[in-house]
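Okay, so here's the structure we're looking at.
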Amino acid sequence: MTGPHLLIVEDEEFIRQLVAAYLEKEGYRLSVAGSARAMHDILDREQIDLIVLDLGLPDEDGLTLIRQLRTRSAVPIVVLTARQTRDDRITALGIGADDYVTKPVDPQELTLRIANLLRRSGGKQSEDTQKHDVLVFGGWSLDISANALRAPDGADIVLTRAEFDILTALARAPNRVLSRDFLLDAISRDGDSPGDRVIDVMISRLRKKLGDDPRRPILIQTVTGRGYRLSVS
């Protein structure tokens, strides 16, 4: 099957199987997860074109997952949840969800919403697009698909997973100040949120690997009281 690849994140097995069966009949490729941990495992291995996300997962709140996902990716997110309050809807849409659908939902309506969102976002990503998801700044090249950083002289720079996630978040928002809380979301997984002091340590390590003078950094700048900014022309 060569259709767009969807990820259904839903802890209720009956609903998960029902939605998956219906979407598969419509020609989509499907991966399913019953927890935040399983979702992250799949996203680390697979190229996903759209996520259908429940908010009430056993190991993490879905709103937190939306914030974390938005620090790393622009993948479309459709919230499918039993939460029907206006506050939940506004919060989810405000932090990056693309659509909000409440249970019970007509499978045909859900399919139409997914199809419309994929159409607006460009649909299935091509192999060529996936291979060239590269962010370039100051002569550096950050290859998102390959998890690789290349220096201006062509040398490959080894980054830890957390360093890579922080640099990706900064590079996706050049010249914007990102708070420590935002960067914490970029490296948090499975409900494990390290202290904000970790961000300062990671930034220090990144500066060293980027050859950025820690006393007068040019690339990754500290904005006192607010956070960090990747400064590029």
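Is there a residue in region 116-136 that is charged (D, E, K, R) and at pLDDT 90 or above?
No, region 116-136 has no match at all.
Does Asp165 fit the bill of being modelled with pLDDT of 85 or more, under 23 Å from Thr222 (Cα atoms), over 15 Å from the mean Cα position of the chain (by Cα) and not in a loop (DSSP other than H, G, I, E, B)?
Answer is no for this residue.
Residue-by-condition table, conditions (1) free of Cβ contacts under 8 Å to residues at least 24 places away in the same chain; (2) more than 21 Å from Gly96 (Cα to Cα); (3) touching a Gly at 6+ places or on another chain (Cβ under 6 Å); (4) surrounded by 15 or more Cβ atoms within 10 Å (Cβ to Cβ):
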site: Asn147; (1), (2), (3), (4): yes, yes, no, no
site: Asp165; (1), (2), (3), (4): no, no, no, yes
site: Arg176; (1), (2), (3), (4): no, no, no, no
site: Leu184; (1), (2), (3), (4): yes, no, no, yes
site: Met202; (1), (2), (3), (4): no, yes, no, yes
site: Lys208; (1), (2), (3), (4): yes, yes, no, no
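List, please: which pairs have Cβ atoms under 9 Å, are six or more places apart or on different chains, and start with a residue in region 1-30 that is under 16 Å from Val105 (Cα atoms) and end with one that is of a type in the set (S, T, N, Q) and assigned to a helix (DSSP H, G or I)?
Cβ pairs passing all conditions: Tyr22/Gln108; Tyr22/Thr111; Leu23/Thr111.
What number goes with the only condition from (1) in a strand (DSSP E or B); (2) aliphatic (A, V, I, L, M); (3) without any contact (Cβ under 8 Å) to a residue 60 or more places away in the chain that Val52 does not pass?
Result: Val52 fails condition (3) only.
Suppose we keep only residues that are in a helix (DSSP H, G or I) and hydrophobic (A, V, I, L, M, F, W, C) within region 87-115. Which one would you say is nearest to Ile51 (Cα to Cα)?
Among residues in region 87-115 that are in a helix (DSSP H, G or I) and hydrophobic (A, V, I, L, M, F, W, C), the one nearest to Ile51 (Cα to Cα) is Ile114.
Among the residues of region 68-79, is there at least one that is more than 12 Å from the chain's Cα centre (by Cα), surrounded by fewer than 17 Cβ atoms within 10 Å (Cβ to Cβ) and touching a residue at least 24 places away in the same chain (Cβ under 8 Å)?
no
From the list Ser204, Ser141, which one is under 22 Å from the mean Cα position of the chain (by Cα) and polar (S, T, N, Q)?
It is Ser141.
The values are calculated or read from the model by the stated rules, or taken from the named source; none is laboratory data. Please read all numbers here as calculations on a predicted model, not as lab measurements. Every residue, glycine as well, gets a Cβ built from its backbone with ideal geometry; the counts of neighbours run over all protein chains shown.
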